[in-house]
Amino acid sequence: MDSNRLLEQVKVGSWLLRSRVVMAPMTRSFADDHSGEVGPDVVEYYRKRAADGIGLIITEGINPSPRAKGTYQVPGLYTQGQIEAWKKVTAAVHQEGGIIVAQLWHVGRLTHHELTGGLPPQAPSSLTANGLVHRLRKPYERPEEMSHAEIKEVIDHFTQAARNAITAGFDGVEVHAAHGYLIDQFNSPITNVRTDKYGGSLTQRLTFMKELLVSVVAEIGAERTIVRFSEIKDDLPAYKWPDAEHTIATYIEAFKELGLTMLHPSTNHFDHILVDELTLHQVVRKYWDGIIIGVGNLTPDAASEAIADGTIDLAAFGRPLLANPNFIQRIKSSTALTTYDPKIHLSHLV
């Protein structure tokens, strides 16, 4: 395993990563539910992964505002208390030589007024999602269609959260524009039936995402901004892009216009064929020569091969890192990984 490409040190923009391994963003729900502040257990959780030699840590989703919240005990980055709490996390990670970015996450319509301080969900269009709110187990509520003023307000919230992330010591942010959450709701024809400048063709539907990214990049810089996007939607498991390659090409054209350098295309299965015998990441690579983070039930060997053939530059792991805080050391020593067990690893910070 010594030749595994995951173990290579790599320069990504201004970041010198000790390995090509990325800790994938995973909702953990260990923040104080009322204050949105993380505690010592979260500090230690991330410190351990940095000490192991993880190249890049992407945090669990962090809310840029109270209305962005989609389940219990999600952390925020919009109060001074939250900033101060995250400073302890970033200091611990940096002390171990790690790099950490904050994932900024707004769930849009996938929430309930009991989680958002009494406010109804907001979305590009007033269309109710099917299913039950995560952990609350109540049906999704009908969202309010966002006005132009509310759209600007959310963009301002993301921008302020990005500024707060840097204040808190983060090395950058990942904007969560995937999985059927707010930004992705604007991008999709299923959830966006607007007739103004934020609706219509795919290019027009991407307007909200582009305006938000322009603002975040202006605040912290393109080299500190990652974007996550996907076909998969948490509330629409059967959803498929009408024309996958055209969709990806249109997304990437927008990302290039914005001067972005790092993309995180998300899928549940890295080797799933998307179009013309190509996987999601292979299609992305066809149009993008910047940094690509691969993800989707990867094994260390499969990730190393994908790095070697140029499909991806970094590889993100989720559940294996929940179960193995010594993930890198196990790869180095060819030691079998502990199998993820939700009864153990989902309910506790190992």
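The values are calculated or read from the model by the stated rules, or taken from the named source; none is laboratory data. Only a predicted model underlies this, so the values are computations on that prediction, with no experimental measurement involved. Methodologically, a virtual Cβ is constructed for each residue, glycine included, from the backbone with ideal geometry; neighbour enumeration extends over all protein chains shown. Accessible surface is based on the protein model in full, side chains and every heavy atom, while ligands, DNA and RNA are left aside. Shrake-Rupley method; radii C 1.70, N 1.55, O 1.52, S 1.80 Å.
For the residues Ala302, Ala244, Ala336, Ala308, the requirement of being surrounded by fewer than 20 Cβ atoms within 10 Å (Cβ to Cβ), farther than 19 Å from Arg5 by Cα and of a type in the set (A, V, I, L, M) singles out Ala244. Could you tell me whether any residue of segment 26-35 is surrounded by fewer than 20 Cβ atoms within 10 Å (Cβ to Cβ), aliphatic (A, V, I, L, M), touching a helix residue (DSSP H, G or I) at 6+ places or on another chain (Cβ under 9 Å) and touching a residue at least 12 places away in the same chain (Cβ under 8 Å)? Looking through segment 26-35, at least one residue is surrounded by fewer than 20 Cβ atoms within 10 Å (Cβ to Cβ), aliphatic (A, V, I, L, M), touching a helix residue (DSSP H, G or I) at 6+ places or on another chain (Cβ under 9 Å) and touching a residue at least 12 places away in the same chain (Cβ under 8 Å). Remark: Arg67 falls outside the filter, which requires a residue to be at pLDDT 95 or above and open to solvent by 40 Å² or more (accessible area, probe 1.4 Å). When both residues are 6+ apart or on different chains and their Cβ atoms are under 8 Å apart, which pairs have a first residue that lies in segment 85-106 and is closer than 27 Å to Thr71 by Cα and at pLDDT 95 or above, and a second that is among the polar types (S, T, N, Q) and part of a helix (DSSP H, G or I)? If the second residue must be among the polar types (S, T, N, Q) and part of a helix (DSSP H, G or I), the pairs left are Ile100/Thr90.
When segment 143-201 is examined, which residues are found to be among the basic types (Lys, Arg) and crowded, with 21+ Cβ neighbours inside 10 Å?
Within segment 143-201, the subset among the basic types (Lys, Arg) is 152, 163, 194, 197.
Correct list: empty.
Return a yes/no flag: does segment 41-61 have any residue that is open to solvent by 10 Å² or more (accessible area, probe 1.4 Å) and closer than 30 Å to Lys152 by Cα. There is no residue in segment 41-61 that is open to solvent by 10 Å² or more (accessible area, probe 1.4 Å) and closer than 30 Å to Lys152 by Cα. Among the residues of segment 211-232, are any open to solvent by less than 50 Å² (accessible area, probe 1.4 Å), in contact (Cβ under 8 Å) with a residue 24 or more places away in the chain, farther than 22 Å from Glu153 by Cα and more than 18 Å from the chain's Cα centre (by Cα)? No, every residue in segment 211-232 fails to be open to solvent by less than 50 Å² (accessible area, probe 1.4 Å), in contact (Cβ under 8 Å) with a residue 24 or more places away in the chain, farther than 22 Å from Glu153 by Cα and more than 18 Å from the chain's Cα centre (by Cα).
So, His134, is that one on the phi < 0 side of the Ramachandran plot, of a type outside the set (A, V, I, L, M, F, W, C) and in a helix (DSSP H, G or I) or not? Taking the combined requirement at face value, the residue does not satisfy it.
Can you tell me which residue within segment 70-101, out of those that are among the polar types (S, T, N, Q) and assigned to a loop (DSSP other than H, G, I, E, B), is surrounded by the most Cβ atoms within 10 Å (Cβ to Cβ)?
The first filter runs over segment 70-101 and keeps only residues among the polar types (S, T, N, Q), leaving 71, 73, 79-80, 82, 90, 95.
From what's left, assigned to a loop (DSSP other than H, G, I, E, B): 71, 73, 79.
Working: Thr71: 18, Gln73: 16, Thr79: 14.
Only one residue fits best here, namely Thr71.
Within segment 338-350, no residue that is touching a residue at least 40 places away in the same chain (Cβ under 8 Å) sits with its Cβ atom under 6 Å from a residue that is part of a loop (DSSP other than H, G, I, E, B) and exposed (fewer than 13 other Cβ atoms within 10 Å of the Cβ) at 6+ positions apart or across chains.
Tell me, which strands (runs of 3 or more DSSP E) lie completely within segment 8-47 with 2 or more residues that are under 18 Å from the mean Cα position of the chain (by Cα) and at negative phi?
Working: elements: 10-12, 15-17, 21-23.
Those strands (runs of 3 or more DSSP E) span 21-23.
Among the residues here, Leu278 qualifies as open to solvent by less than 60 Å² (accessible area, probe 1.4 Å), at pLDDT 95 or above and more than 25 Å from Gly172 (Cβ to Cβ). When Leu104, Leu119, Leu110 are checked against the criterion of being within 19 Å of Leu77 (Cβ to Cβ), open to solvent by less than 20 Å² (accessible area, probe 1.4 Å) and not charged (D, E, K, R), a single residue qualifies: Leu104.
Which of the residues that make up segment 117-166 are small (Gly, Ala, Ser), without any contact (Cβ under 8 Å) to a residue 12 or more places away in the chain and closer than 23 Å to Gly36 by Cβ? Before the answer, list the steps.
The first filter runs over segment 117-166 and keeps only residues small (Gly, Ala, Ser), leaving 117-118, 123, 125-126, 129, 131, 147, 149, 161-162, 165.
Checking the rest, the ones that are also without any contact (Cβ under 8 Å) to a residue 12 or more places away in the chain come to 118, 147, 149.
Selection gives Gly118 alone.
Of all helices (runs of 4 or more DSSP H) completely enclosed by segment 162-265, which ones contain at least 2 residues that are more than 29 Å from Gly98 (Cβ to Cβ) and among the aromatic types (Phe, Trp, Tyr)? Where helices (runs of 4 or more DSSP H) fall fully within segment 162-265, none carries at least 2 residues being more than 29 Å from Gly98 (Cβ to Cβ) and among the aromatic types (Phe, Trp, Tyr). Counting residues in segment 291-304 that are part of a helix (DSSP H, G or I), over 20 Å from Ala177 (Cβ atoms) and hydrophobic (A, V, I, L, M, F, W, C) gives one or more.
Working only within segment 82-102, note down all residues that are within 14 Å of Ile57 (Cα to Cα) and among the small types (Gly, Ala, Ser). Of everything in segment 82-102, those that are within 14 Å of Ile57 (Cα to Cα) and among the small types (Gly, Ala, Ser) turn out to be Ala91, Ala92, Gly97, Gly98, Ala102. Filtering Ile293, Ile328 for residues that are surrounded by 21 or more Cβ atoms within 10 Å (Cβ to Cβ) and out of contact with any helix residue (DSSP H, G or I) (no Cβ under 8 Å at 6 or more places or on another chain) leaves a single hit, Ile293. A search for C-beta distances below 6 Å between a residue of segment 242-267 that is in contact (Cβ under 8 Å) with a residue 24 or more places away in the chain and any residue that is among the hydroxyl-bearing types (Ser, Thr, Tyr), counting only pairs 6+ apart in sequence or on different chains, returns Ala249/Tyr287; Ile252/Tyr287; Ser266/Ser230.
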